[in-house]
Amino acid sequence: MKKILKDKLSDKLVNAFLKNKIISAIPKRFTKKLTNADKFRKLCESKITEPVIGYKAGGTGIPLLKKLKEKEPFYASVYKRNLLKSGKRVKINKSTLGIELEVCYLIKKSFFSFKGLITSKNITKFITHMAPCIEVVGYRQKKRGITSFGDLSSDFGGNVKFFIGRKKKYKKINIGNLLSNISNKKVKQNVFGNTNTVYINPLNSLRFVLNKVKKDKVNLGKNFYVFTGSTVGVVPILGKGLYTGKIDKLGSVKAIIS
């Protein structure tokens, strides 16, 4: 009986994802625990045939990890339909949680044929480019706030849209201590952050995601993106208009909220 209900609920959430709709909240027994939520997410993703362009890390903020008593973040697939160029527009709704500013990496497809564990020493050989990006975070369900990582993970990682700034060829920099800022001049909103809030640092977050992907035996057969988590937390969207994100030494990225 539970399996039948789980399939029906996953069908509804997939339909909401594909048609940009909002549905009633999924029962908590499927989302409260991260292990159950992760299984539900994978069931939903298995029903989508559209191309995956990468993966996102979620719940990478150390304070949030401690608050929700989680040992590690989670990851989810990112679909091509949700990837936009810097400066494009996205329409939000009441289930939108906020906006984030992140570091993303472009990873070589050779990663999929590598047999060993990804470590801090060998990870850089798989990176081709890096860039600043903005993620708009929200649900496809009628609920607000974050009570567990399972809330986000089960709903396609909470990913609404990603905006990527100009990519730069990868080079070693102190990625664990870069100042960041996201702002909307129209509503006088200005939030500062640092890359050191991202699960120690964005490279460590990247390592986490790559090892999870390897453990799940996923193979896209092409280069792909990894979005490593917010440097400014989940910033509430106080008004519509242009949001500009800047990360020191990486550059800027823009998103229009309507």
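The values are calculated or read from the model by the stated rules, or taken from the named source; none is laboratory data. Since the model is a prediction, treat every value here as computed from it, not as a measurement. Please note: Cβ atoms are built from the backbone with ideal geometry, for glycine as well, and neighbour counts cover all protein chains shown.
Just checking, does the stretch 46-63 include any residue being part of a helix (DSSP H, G or I) and within 20 Å of K215 (Cα to Cα)? Yes, because at least one residue in the stretch 46-63 is part of a helix (DSSP H, G or I) and within 20 Å of K215 (Cα to Cα). Inside the stretch 125-157, residues that are surrounded by fewer than 24 Cβ atoms within 10 Å (Cβ to Cβ) and aromatic (F, W, Y) make up a count of 1.
So which of K88, K80 ends up being surrounded by fewer than 21 Cβ atoms within 10 Å (Cβ to Cβ), at pLDDT 95 or above and under 27 Å from P236 (Cβ atoms)?
Details: K80 fails: under 27 Å from P236 (Cβ atoms).
Step by step, each of K88, K80 is checked, and only K88 is surrounded by fewer than 21 Cβ atoms within 10 Å (Cβ to Cβ), at pLDDT 95 or above and under 27 Å from P236 (Cβ atoms).
Against the numbered list (1) at positive phi; (2) touching a residue at least 40 places away in the same chain (Cβ under 8 Å), K69 comes up short only at (2). Of the residues in the stretch 199-212, at least one is within 16 Å of E102 (Cβ to Cβ), surrounded by fewer than 22 Cβ atoms within 10 Å (Cβ to Cβ) and modelled with pLDDT under 95. Say we look at the stretch 70-119 and pick out the residues that are β-branched (V, I, T) and part of a strand (DSSP E or B); which of these is farthest from N223 (Cα to Cα)? Result: T96.
Where in the stretch 176-258 are there strands (runs of 3 or more DSSP E), lying fully within it, with 3 or more residues that are more than 19 Å from the chain's Cα centre (by Cα)? Can you show your working first?
Values: elements: 179-184, 189-194, 224-230, 241-247, 251-257.
Those strands (runs of 3 or more DSSP E) span 179-184, 189-194.
Hey, can you tell me all the residues within the stretch 113-124 that are surrounded by 12 or more Cβ atoms within 10 Å (Cβ to Cβ) and aliphatic (A, V, I, L, M)? Those that are surrounded by 12 or more Cβ atoms within 10 Å (Cβ to Cβ) and aliphatic (A, V, I, L, M): I118, I123.
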